[in-house]
1. If you scan the stretch 193-213, which residues turn out to be open to solvent by 90 Å² or more (accessible area, probe 1.4 Å) and touching a residue at least 12 places away in the same chain (Cβ under 8 Å)?
2. Can you find even one residue in the stretch 263-282 that is among the hydroxyl-bearing types (Ser, Thr, Tyr), modelled with pLDDT under 90 and buried (at least 16 other Cβ atoms within 10 Å of the Cβ)?
3. Which of the residues spanning the stretch 178-190 are of a type in the set (Gly, Ala, Ser) and part of a loop (DSSP other than H, G, I, E, B)?
4. Which one of 103, 59, 40 is open to solvent by 40 Å² or more (accessible area, probe 1.4 Å), farther than 18 Å from residue 163 by Cα, modelled with pLDDT of 80 or more and not acidic (Asp, Glu)?
5. Pairs, please: C-beta under 9 Å, at least 6 apart or cross-chain, first residue basic (Lys, Arg) and in the stretch 49-62, second exposed (fewer than 15 other Cβ atoms within 10 Å of the Cβ) and in a loop (DSSP other than H, G, I, E, B)?
6. Return the residue satisfying two criteria in turn: it lies in the stretch 151-192 and is acidic (Asp, Glu) and modelled with pLDDT under 95, and of such residues it is most open to solvent (accessible area, probe 1.4 Å).
7. Can you name every one of the helices (runs of 4 or more DSSP H) wholly within the stretch 290-353 that holds 2 or more residues which are modelled with pLDDT of 80 or more?
8. Out of the residues in the stretch 118-150 meeting the condition of being small (Gly, Ala, Ser), surrounded by 14 or more Cβ atoms within 10 Å (Cβ to Cβ) and part of a helix (DSSP H, G or I), tell me which one is modelled with the lowest pLDDT.
Amino acid sequence: MKLRFNISAKTRTSASLIGALKLAHMAEMPEEDFEKELKALEQNRFFKLLKASGALNVAEFPSARYAARKYAGYGLKLSGGGLPELADGNGDLVELMQRVGQAKFETCFLKDAVLSDVERAEECDITVADAARLRAFVDRAFMQAEFEAPAAAPAAQVYSAVAGIEMEDGEPVLGFFHREIWKGSYKVDQQKLDELTRDLPLAERDGVEKVLKRVEFADKRKTTLYRALEILLNIQAEYLATGEPGRRRPLSQKTLAKNLEVHPSVLNRLVSNKSVQMPWGTEVPMDVLLPSSKQVNLERLYAIAAERPELSDEGLREELRSRHGVELSRRSVAQYRKDMSLAAGGRREAAAA
């Protein structure tokens, strides 16, 4: 009896592990591959049998809508640094850099010369606003390279676009790119399933069971990603409305996974290679909407320091608390300022003059 129990427990553990691996594999599929997987599943004769009997139905996602991508081609590519402004070599920042030219860009933005944005604009024949954008981008790139990117440049990562985000009446809404995936979730009618399988031969029942397990994994993948996007749009609504990175709210994958009631590893596989199209047209990795507290505070502090170069560390601390309700010690502010290679208040003011 004891031996039978151990074998049964081992079998259940093995089945659970295999199921977790299958779900993980399906979670990390690009949207294009997952769409093919669903088409193959729905062509399976047992799937058709379940649907014809009414045992399996498709329920539409609430408020689901569809959209076409604004830019041709699939697969956002980021190679080293994770800066979506440079994705695939296009975008207005890339055009601006090309207009400035490599020599002037290196002299005015990459080397250690102390220049104001006005001086950079005059030297490069661009507007002061464009000079400030390039300088802010370069500062952010250096900061990210130092604190987030590995020493050696990683291979380019390809992202699969899930949906576009647009603003309607001040609220962010989703438009999915793959209609076949997002037409709805699968629902099983247990009573009709029991009626269907009651008189089926054992081999046929086994086929039905295997298809239902595939349906379960596919539906878990769809509903988890759908709910994750809904939560992210709600939490990051202010950022999506303004486009200001400092308006993002910190949110970890672990916290999001807890809210979704899934294992963090499954969520990580689900979002790590997915991207979304922002309201302003840029395609970015989903984890842009999952920033850490440090990332958000660095961006907020940088924006305040750029706007108010005369502020001391204590002044920056007070302004951060006043604007964003974030309590940091003066020592932490000083360390963050050093992390971003920002000079102290008086020297920032002199450089900006």
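1. Within the stretch 193-213, 195, 210, 213 meet the criteria.
2. yes
3. Narrowing the stretch 178-190 to residues of a type in the set (Gly, Ala, Ser): 184-185.
184 - this is the single residue of the stretch 178-190 that is of a type in the set (Gly, Ala, Ser) and part of a loop (DSSP other than H, G, I, E, B).
4. Unique residue meeting the criteria: 40.
5. none
6. To start, the set of residues in the stretch 151-192 that are acidic (Asp, Glu) comprises 166, 168-169, 171, 180, 189.
Retained after the next criterion (residues that are modelled with pLDDT under 95): 166, 168-169, 171, 180.
Values: 166: 92, 168: 76, 169: 157, 171: 106, 180: 70 Å².
Looking at the filtered set, the residue picked out is 169.
7. Details: elements: 293-307, 313-324, 330-339, 345-352.
Helices (runs of 4 or more DSSP H) meeting the threshold: 293-307, 313-324, 330-339.
8. Applying the first criterion (small (Gly, Ala, Ser)) to the stretch 118-150 yields 121, 129, 131-132, 136, 141, 145, 149.
Subsequent filtering for residues that are surrounded by 14 or more Cβ atoms within 10 Å (Cβ to Cβ) retains 121, 131-132, 136, 141, 145, 149.
From what's left, part of a helix (DSSP H, G or I): 121, 131-132, 136, 141, 145.
Working: 121: 84, 131: 83, 132: 82, 136: 79, 141: 62, 145: 48.
Top of the filtered list is 145.
The values are calculated or read from the model by the stated rules, or taken from the named source; none is laboratory data. Owing to the predicted nature of the structure, the values given are computational and were not obtained by experimental measurement. Positions of Cβ are backbone-derived with ideal geometry, glycine not excepted, and every protein chain shown enters the neighbour counts. Note: accessible area is taken over every heavy atom of the protein model, side chains too, but ligands, DNA and RNA are not part of it. Shrake-Rupley method; radii C 1.70, N 1.55, O 1.52, S 1.80 Å.
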